[in-house]
Structures are given as C-alpha cells and as structure tokens.
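Chemist: My questions all concern the structure below.
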Amino acid sequence: MSLTREQMKAVVDQWKNAASELCKIKDQELSQLKYDWKVVDALLEIGAKTGKSSKTSGMVEMQRLFSILRQTQTTLHPENIH
C-alpha cells in the first residue's frame, strides 16, 4: 500500500501531535509518582559507599548535563522554546 504525499504529511503531523501529548501524559504520571523512601535511601547509600570524592565542585559537569537536558527538552517539547 502506497501513501500519497499528503497522506504521508498527515501521518507525520499526527505523530508530532501524538509525541507532544505523550510527553504531557508522561510528565503528569511522573509528577504523581510516590517515592518509596526505602529505595531512595538504599540508592543514596550505594552512592555514598561507592562514590569517588573529587577536588572540584562538579559545576562544569553539571553545566554540561544541563546543556544536554536543555537540548533534549527542546527536542521533546519544541513549544517551550523561548
């Protein structure tokens, strides 16, 4: 089955709209997620036991991660670009 150019564009537009709606649903579900504090404590304990101490503050790494996050967010939520 072959689609016309207009039909292909309609499918692409439909997926774009679906992606935006799915992001909203995911964000809503995550915002309503209840933390299991025992699991959180266990993960923090693992980090405390196995983590390496550093002589730097980690600001450069944090800025790098924020940059990646910003790029991801603008890709997933282009309507939020200012």
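Chemist: Among the lysines, select those whose C-alpha is under 30 Å from the C-alpha of LYS52, and discard any that sit fewer than 8 residues away in the same chain.
Modeler: LYS34, LYS38
Chemist: Turning to a different aspect of this structure: Output wanted: per-residue J couplings in Hz (rounded whole) for the stretch 4-10, from phi through Karplus 6.51 cos²θ - 1.76 cosθ + 1.60, θ = phi - 60°, x for Gly and Pro.
Modeler: Going residue by residue, I get 6, 4, 5, 5, 4, 5, 5 Hz, with x marking Gly and Pro.
Chemist: Which ³J(HN,Hα) values, rounded to whole Hz and listed in residue order, are derived for the stretch 37-42 from phi using the Karplus coefficients 6.51, -1.76 and 1.60 in 6.51 cos²θ - 1.76 cosθ + 1.60 with θ = phi - 60°, glycine and proline given as x?
Modeler: Coupling constants for the stretch 37-42: 5, 5, 5, 4, 4, 5 Hz.
Chemist: Could you pull out every one of the aspartates and glutamates with an alpha carbon less than 16 Å from that of LYS16, ignoring same-chain neighbours closer than 8 positions?
Modeler: Cross-link targets: GLU6, GLU79.
Coordinate-derived values only; no laboratory data. Just so it is clear, the model here is predicted, and its values are computed rather than measured.
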